[in-house]
Amino acid sequence: MSFSPVIAILSAAFLICASALHAKPRTCRIVFPERPEGSPKIAYLFDGSKSQGVSLPSMNLSEVIEMPRGELAIAMLASAISDPELLPPQAPVLKIPEGVKDFYIIITPDPENKTLPIKMNLVDTGGGKLKAGETLWYNFTGHRIAAKLGSAQMTVDPQGRTISKDPMPASGYYVAQFAFQANGKGAYAPITEQSWWHDANSKHLGFIYNTGGKLPKIYFFRDFRDPEATKEEIKVVE
């Protein structure tokens, strides 16, 4: 009797198990820029079988959150549940396609939702869509924003999004200059010029918001997941 087929099957099973053990987990982080006063600071994500508590920070990124694989619909709740039958009908829900492995959840206000006054927005950054050193910018204003970021340049249209390249080839400080074209017309006016830290090993998120004042506000988040990181993770420019 030959044991070759049995050995082959066992070897294949071992390789599958080993691959599963070393597979990169599906993760996300949450941020709630421009969180209105009175909005929740913590909530619970329900994946259809269990809930986990998460923070909804406005001044930094949340903890790294592991999520189940496969096609998923997650709900955000004010309190934990373990039974789908208890899910409130108006609970904010976010659908995550199976192929999305690495993502962010951007929270925006939704005062019309009486269950939880927020909306979850999916930002897929996996599969090379956003590389280490680059920044994904969201412009929530009616202005056109232009920036010189070290050796890189960035322009983002009103209510638009774009990705800016590394401001420098290695980690270090660089000069970040921002200007805006009011309502997308006319001459540009300066917003700020500052020295910022660039981490070549991190992905970055940038958000531009209206403040009700003269100048837009700029949020800049650094997603560096090394626990030994010492540099600040966010800058807010008033």
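Nothing in this text is a laboratory measurement; each read-out follows from the coordinates by a stated rule. All values derive from a computational prediction rather than experimental measurement. All Cβ positions, even for glycine, are placed from backbone atoms using ideal geometry, and neighbour counts span all protein chains on display.
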Give me the Debye-computed log₁₀ of I(q)/I(0) at q = 0.13 Å⁻¹ for segment 26-124, equal point scatterers on Cα only, no solvent, two decimals. -0.40
So for R0 = 35 Å, FRET eff. of residue 113-residue 215 from the Cβ-Cβ r, to 0.05, ends up at 0.70
Restricting to Cα atoms and excluding each atom paired with itself, what does the Kirkwood estimate give for segment 33-79 in Å? 11.8 Å
Which lysines, if any, have their Cα less than 19 Å from the Cα of residue 24, not counting same-chain residues under 8 positions apart? 101, 129, 131, 203
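Find the all-direction average of the projected area of the Cα convex hull for segment 66-204, expressing the result in square nanometres with one decimal place.
Spelled out: convex hull of the Cα atoms, projected over all directions, averaged, 10.8 nm².
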By average Cβ neighbour count within 10 Å, what is the ranking of 166-172, 126-132 from highest down? 166-172, 126-132
Rounded to whole Å and sorted largest first, list the principal axis extents of the Cα atoms in segment 135-237. 43, 25, 20
